[in-house]
Amino acid sequence: MQQTIVDRALFIEADDGATQGRLSLETAKLSEGFFEQLRKHPVPLEEAAIKALSNNAPALDVYLWLAYRLHALKGNRLVPWGALKAQFGTGFSKLYHFKNKFPGTLALATAVYPAAKVEITEEGVVLNPSRPPVTPRLLATR
């Protein structure tokens, strides 16, 4: 099932003097469905991991995906290469180019999420149930 994550986004041209025509995200409105899923099933993220990957958008995307998926799995799940390319490799024209590049991106994401249990196979990537990147805090009862 595909789900829209962002309903609307506003980009502005960066005025850093170094790069012409570079856009920066100003605001984004999450879709209602995605927002509800996050509200019902919050995803704990490691702030240090986000900072470490902040200059590598593909690795950050993979980290967020793993954080969202792995702790909710009930059993092992194969994600085929075609599905991975559709989600993370739209800039690649050929699947074999993506297959050569993705393991490095996955390695960066799992370096900051050491509890992530994933395995690269000929068919794709096997996701295994894993602890979340951050141990959820229990809310104090009053």
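Yes/no matrix, rows are residues, columns are (1) among the small types (Gly, Ala, Ser); (2) open to solvent by 60 Å² or more (accessible area, probe 1.4 Å); (3) modelled with pLDDT of 90 or more:
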residue	(1), (2), (3)
ALA48	yes, yes, yes
LEU64	no, yes, yes
LYS85	no, no, yes
SER93	yes, yes, yes
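Which is at negative phi and touching a His at 6+ places or on another chain (Cβ under 8 Å), of ALA107, ALA72, ALA67?
It is ALA72.
Return yes when LEU30 is free of Cβ contacts under 8 Å to residues at least 24 places away in the same chain and either hydrophobic (A, V, I, L, M, F, W, C) or exposed (fewer than 14 other Cβ atoms within 10 Å of the Cβ) (or both) and no when it is not.
No, not satisfied.
Could you list all residues from the stretch 57-77 that are in contact with a Leu (Cβ under 8 Å, 6 or more places away or on another chain) and either among the aliphatic types (A, V, I, L, M) or free of Cβ contacts under 8 Å to residues at least 24 places away in the same chain (or both)?
Result: ALA59, LEU60, VAL62, LEU64, LEU66, ALA67, LEU70, LEU73.
Of everything in the stretch 66-83 that's in contact with a strand residue (DSSP E or B) (Cβ under 7 Å, 6 or more places away or on another chain) and charged (D, E, K, R), which residue is modelled with the lowest pLDDT?
Among those that are in contact with a strand residue (DSSP E or B) (Cβ under 7 Å, 6 or more places away or on another chain) and charged (D, E, K, R), it is ARG69.
Among the residues of the stretch 78-101 satisfying the criterion of being assigned to a helix (DSSP H, G or I), in contact (Cβ under 8 Å) with a residue 24 or more places away in the chain and not small (Gly, Ala, Ser), which is farthest from ILE120 (Cα to Cα)?
That would be PHE88.
The values are calculated or read from the model by the stated rules, or taken from the named source; none is laboratory data. Values in this document were obtained by computation on a predicted structure and should not be read as measured data. As a convention, Cβ positions derive from the backbone with ideal geometry for all residues, glycine included, and neighbour counts pool all protein chains shown. Heavy atoms of the whole protein, side chains included, go into the accessibility calculation; ligands, DNA and RNA do not. Shrake-Rupley method; radii C 1.70, N 1.55, O 1.52, S 1.80 Å.
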